Amino acid sequence: MNWGSASEFFAMGGHAFYVWGSFGACAALMAIEPMLARMRRSQAINELRREIRARNESQDET
């Protein structure tokens, strides 16, 4: 497509809300996903540490 001005480009032929909304949603998800993955990783590591600690404590009691 060929736009005559920057305002025509940002208007996207009348579909600006859909185009820029989709772009924004995708960008937001791409920014949020690594943070959520880090949180899930930390939670998994903490859970494993608790399980190891509980196993060691139960072995010490016997």
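Taking the stretch 13-51 as the range and being open to solvent by 90 Å² or more (accessible area, probe 1.4 Å) and among the aliphatic types (A, V, I, L, M) as the test, the residues that pass are Leu29, Met30, Met35, Met39, Leu48. Taking the listed residues Glu57, Glu33, the one that is among the charged types (D, E, K, R), at pLDDT below 95 and in a helix (DSSP H, G or I) is Glu57, with no other qualifying.
Identify all residues within the stretch 1-12 that are open to solvent by less than 60 Å² (accessible area, probe 1.4 Å) and outside any loop (DSSP other than H, G, I, E, B); write none if there are none. The answer is Ala11, Met12.
The values are calculated or read from the model by the stated rules, or taken from the named source; none is laboratory data. These figures come from a predicted structure and were not determined experimentally. The area values use the complete protein model at the heavy-atom level, side chains included, leaving out ligands, DNA and RNA. Shrake-Rupley method; radii C 1.70, N 1.55, O 1.52, S 1.80 Å.
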